[in-house]
Structures are given as C-alpha cells and as structure tokens.
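Q: Got a structure for you, questions after.
Only the coordinates and a few stated rules stand behind these numbers; no lab work does. Owing to the predicted nature of the structure, the values given are computational and were not obtained by experimental measurement. So basically every Cβ, Gly included, is an ideal-geometry build from the backbone, and we count neighbours across all protein chains shown.
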Amino acid sequence: MLPTSGFGALTWETQKISRTAQLGDKEVVAVFSFKNTGTYPVTIREIQSSCECTVAELAKRTYAPGEGDAIKMIFTIGDRMGPQDRLMTTITDDPTAPLVNLTLRVDIPDLLHYSARMLYWQVHGALGEKPIEISAAGENRITTIAVKEIVPQQAVARVETMQTGEKYRLLIQPNALDQPRTIALTFVAHFADGTQHSFMIYALVR
C-alpha cells in the first residue's frame, strides 16, 4: 500500500520529487507512482505540462480499484542552468479530486564558472572597461564565447581568450555614465560536444 498523498481514489506515493542533474546530462526523469485505493475506476483524461521541455509517459488511462501504475515525467535540460521547477497537472474523472499537481524540482549545475555576474560603474564616474573571467566548470571544453544580445544597446562588449577551451575574459563598458541604468548582456558559449548555453551578465550604473 502506498502512503497517502492527496485525496480521491488515486493515492500518490509522492507529488513532489527533487533531482540533481550531473554535468553532461541531457534529461532528467522522475517517476510518480500511484494506486487506485478507491472503490470505483478512475480515468486520467489528460496530463498538462507547464513547459514544452517536460513531457509525460503513461502506460494507459483507466485504473480499476486496487490497480497501480506510475507517470514518468521527462524534463529536457537544453541550455538551462540552476534550479528549475516544473509542474504537471493530471486531470481525472474522479469527482472528489479531479486535479492533482505533480512537481519536479531539478538543480542543474552551471557549466561555467564566473568571477562575477554583475559589474558596477558610478554615475558621472570614470568610463572604462571592466572584466569578468569565465571558465569551464567540467571537462567539456569551450570552443567559443560570443556576444548574443545587449538590452538596451547602451554598452559594448568583447571577448578575450585567456586559455583556449578553458578560460575567457569578457570586457564590458557602458556607452555613458550620465544616469543610472541597468544593461543586460547575453552571451552564448559553444562547447566541444556541440551544445551551447546562453548566460547573462549585468552592467549597472548607479
């Protein structure tokens, strides 16, 4: 017998699962087991996901009393890093509990190490470049790092190679220091295994 979690005929072993991804993982899988502990059949009509990156697999839809199964939740990592929360909602014909939410929390390790994520300049201060050093966190070598986007376009940035495949320097400079502003700079890192990951650095004038 599964421990009780939630209400209605379907009893869930758990409705929340946490996972830690490893460097190089492409996806994370979580299995949500359940059992029909009621006295009537229950049909899972639909499973809705909060993100296209997460899909569900289920062997069938209708479960008789005493019958159990599991929903497999598959989360595709892509270029995501850091903590990620994904929600799936099961919609059933059980009038006592038509909706059940299943949550997967995934901690994804950064593929890069940063000397900083924000740079600061003083309003009406000295205008000049400031550096951030970027290095590979694992064995997956970096092939290139390039500027992808600057919003708003009130700064310039360039990339210097310190150690090929291992360490790079980002040099950033606002166009002016006449007033406070926040500038978001998006960079993209390409890796030797063919993957790429976007990350953001902030230039703050205060």
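Q: Considering only C-alpha atoms, what is the centroid distance from segment 171-196 to segment 11-27, in Å?
A: Between the Cα centres of segment 171-196 and segment 11-27 lies a distance of 32 Å.
Q: Still on this structure, please answer the following. Pick out, in residue order, every one of the trypsin sites (Lys or Arg not before Pro) in segment 1-99 that is DSSP loop and has at most 15 other C-beta atoms within 10 Å; say none if there are none.
A: Numbers: sites: K16, R19, K26, K35, R45, K60, R61, K72, R80, R86; in loops: K26, K60, R61, R80.
Sites meeting the loop and neighbour criteria: K26, K60, R61.
Q: Go through A97, V156, M73 and say which Cα lies farthest out towards the positive end of the charge dipole of segment 69-206; charges sit on Cβ, +1 for Lys and Arg, -1 for Asp and Glu.
A: The residue sitting farthest along the positive end of the dipole is V156.
Q: Run through segment 1-87 and list the GluC sites (Glu not before Pro) located in a DSSP loop whose Cβ has at most 12 other Cβ atoms within 10 Å. Could you put the intermediate results ahead of the total?
A: On the way: sites: E13, E27, E46, E52, E57, E67; in loops: E13, E52, E67.
Answer by residue number: E52.
Q: Using only the Cα atoms of segment 50-107, what are the Rg and Dmax in Å?
A: Cα-based Rg and Dmax for segment 50-107 come out at 13.7, 42 Å.
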